[in-house]
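Working notes, structure below.
The values are calculated or read from the model by the stated rules, or taken from the named source; none is laboratory data. Not measured: the values here are computed from a predicted model. Because the Cβ atoms are built from the backbone with ideal geometry, glycine has one as well, and the counts that use them run over all protein chains shown. Accessible surface areas use protein heavy atoms only, side chains included; no ligands, DNA or RNA. Shrake-Rupley method; radii C 1.70, N 1.55, O 1.52, S 1.80 Å.
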Amino acid sequence: QVQLVESGGGLVQPGGSLRLSCAASERIFSFSVMGWYRQAPGKERELVADISRGGSANYEESVKGRSTISRDNAQNMVYLQMDSLKPEDTAVYYCNARGSFSSFWGQGTQVTVSS
């Protein structure tokens with residue numbers, strides 16, 4: 001069973017930056033899409049960004065231009081660089097891997113944007 005472990009979350013001031021990391025226990029190239037989702041208190045989980053095997057990326061509108069998703073297939077890592085963070089970015093961020101049959105989730109990492 002694939003395991004995904006997120007790291008890099010924490011407390012950051014508005015306007016600051018964070019780099020989230022997702023370490024996978026198997027080759028991420030075996031998954032069609034790797035993605036980052038987030039869930040704020042009382043809200044639905046939403047897609048932040050995802051990236052295909054070929055490197056095509058999609059971003060939620062509110063983070064477009066401020067965030068960059070990337071993948072390192074050799075290291076089985078997926079990253080989310082977030083800049084110009086806003087209080088509304090506060091949420092638990094989850095790594096996701098889409099396979100041909102199953103979808104896998106990490107445990108999440110908390111991001112809190114506050115002064």
Placing +1 on each Lys and Arg Cβ and -1 on each Asp and Glu Cβ in the chain, then taking the dipole about the Cα centre, the residue among Leu85, Ile51, Ile28 whose Cα reaches farthest towards the positive end is Ile28
Label-point gap, in nm, between Thr112 and Glu61 - each point 7 angstrom along Cα→Cβ = 3.0
Result for the chain: accessible area per residue, probe 1.4 angstrom, in square angstrom, of 54
State to the nearest 20 debye the size of the charge dipole of the chain about its Cα centre, where the only charges are +1 on K and R beta carbons and -1 on D and E beta carbons.
-> 140
According to the square roots a ≥ b ≥ c of the eigenvalues of the Cα gyration tensor, what is the shape class of the chain, taking rounded for a/c under 1.5, prolate for a/b larger than b/c otherwise, and oblate for the remainder?
-> prolate
Accessible surface of the stretch 1-62, 1.4 Å probe, proportion on carbon and sulfur as whole % = 46
Whole-Hz Karplus couplings 3J(HN,Hα) for the stretch 82-92, θ = phi - 60° and coefficients 6.51, -1.76, 1.60, Gly and Pro as x, run 10, 10, 6, 5, 10, x, 6, 7, 4, 4, 8
With +1 on each Lys and Arg Cβ and -1 on each Asp and Glu Cβ, how big is the dipole of the stretch 1-69 about its Cα centre, in debye rounded to the nearest 20?
-> 120
Karplus-derived 3J(HN,Hα) from phi for the stretch 51-58 (6.51 cos²θ - 1.76 cosθ + 1.60, θ = phi - 60°), whole Hz, x at Gly and Pro, runs 8, 7, 4, x, x, 6, 10, 10
Ranked highest first by average number of other Cβ atoms within 10 Å, how do 19-29, 100-110 line up?
-> 19-29, 100-110
